[in-house]
Amino acid sequence: MSTYALVTKAAAPAVTEAVRAGRTGGFVVDDPLGVIVLFDPPGRTYSSTGRLAKPARALVRHTATPAWLLLCDEELAEALLIDDEGDASLQWAAGWEPSSDPGRYLAERQEWDAYCAELAARFGAPERGPALSMVRNDPVPGEARIPLPDLLRRLCAVFDLPDIAVGRSLLDNDEPGLHDAHRVEATAAGGVWHRLFARA
């Protein structure tokens, strides 16, 4: 099951207003750990991360609160941090293998750790950097690989965000599948002419 969900610590009323003020509607869920937004899918059959992130960027600008956009299919999991500095992505590929060269592995691991520390600081939780850096899918001999959705759940756990967002998406299902999800329509979806005629 695919994932296309935003999770944020912004207050639910602010998130609802941000969706309403944007160009993409969806479902908003107020969870004790944060707010989940399931955006309506873009019109095209296939969409890039940039296109999927467009309504999330608008929401973050409106709420002035960083958020994570969670994306996952059978081959790739991605967590996109969106804040006032822009986007920063963490990705995990199915079947990924780290370098077998110890020196190169160490260098790549140090780079990963530093990057995770930067993202945690940008999210406002610098102390969570080490925990974030442990969200990896390195193969362990004799053990099954960590499923890609579980990596996104672990990221949510690091930042105390609602992991029930994982596995939720309007890309392949019209229903949110989440308790207390409420529909929010985007008033800006039709642009200026739509709003003018709606008032008439």
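The values are calculated or read from the model by the stated rules, or taken from the named source; none is laboratory data. Here the structure is a predicted model, which means the values were calculated and not measured. Methodologically, a virtual Cβ is constructed for each residue, glycine included, from the backbone with ideal geometry; neighbour enumeration extends over all protein chains shown. Quick note on the areas: whole protein, heavy atoms, side chains included, nothing else; ligands and nucleic acids left out. Shrake-Rupley method; radii C 1.70, N 1.55, O 1.52, S 1.80 Å.
The table below gives the values:
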item	result
Any hit, region 44-58, residues being in contact with a Lys or Arg (Cβ under 6 Å, 6 or more places away or on another chain) and touching a residue at least 40 places away in the same chain (Cβ under 8 Å)	no
Any pair with Cβ under 6 angstrom, 6 or more apart, that starts in region 1-29 at a residue that is charged (D, E, K, R) and ends at one that is crowded, with 16+ Cβ neighbours inside 10 Å and part of a strand (DSSP E or B)	Lys9/Gly34; Arg20/Val184
Answer residue from region 47-76, given it is open to solvent by less than 30 Å² (accessible area, probe 1.4 Å) and polar (S, T, N, Q) and is farthest from Leu6 (Cα to Cα) among those	Ser47
All positions within region 97-132 that are among the acidic types (Asp, Glu) and exposed (fewer than 12 other Cβ atoms within 10 Å of the Cβ)	Glu97, Asp101, Glu111, Glu127
Top-ranked residue in region 152-192 [being among the β-branched types (Val, Ile, Thr) and in a loop (DSSP other than H, G, I, E, B); ranked as nearest to Lys54 (Cα to Cα)]	Thr187
Output for region 159-183, where each listed residue is within 16 Å of the chain's Cα centre (by Cα), open to solvent by 20 Å² or more (accessible area, probe 1.4 Å) and of a type outside the set (Asp, Glu)	Ile164, Arg168, Leu171
Selection within region 77-93 - more than 17 Å from Asp113 (Cβ to Cβ) and open to solvent by 50 Å² or more (accessible area, probe 1.4 Å)	Asp84, Glu85, Asp87
Where a residue in region 130-159 is touching a residue at least 24 places away in the same chain (Cβ under 8 Å) and its partner, wherever it lies, is open to solvent by 30 Å² or more (accessible area, probe 1.4 Å) and assigned to a helix (DSSP H, G or I), with Cβ under 6 Å and at least six apart	Val135/Arg154; Cys156/Asp163; Val158/Arg128; Val158/Ala131
The lone exception for Val15 - which of (1) open to solvent by less than 10 Å² (accessible area, probe 1.4 Å); (2) within 11 Å of the chain's Cα centre (by Cα) it fails	(2)
Subset of region 134-146 (residues that are open to solvent by 30 Å² or more (accessible area, probe 1.4 Å) and touching a strand residue (DSSP E or B) at 6+ places or on another chain (Cβ under 9 Å))	Arg136, Ile146
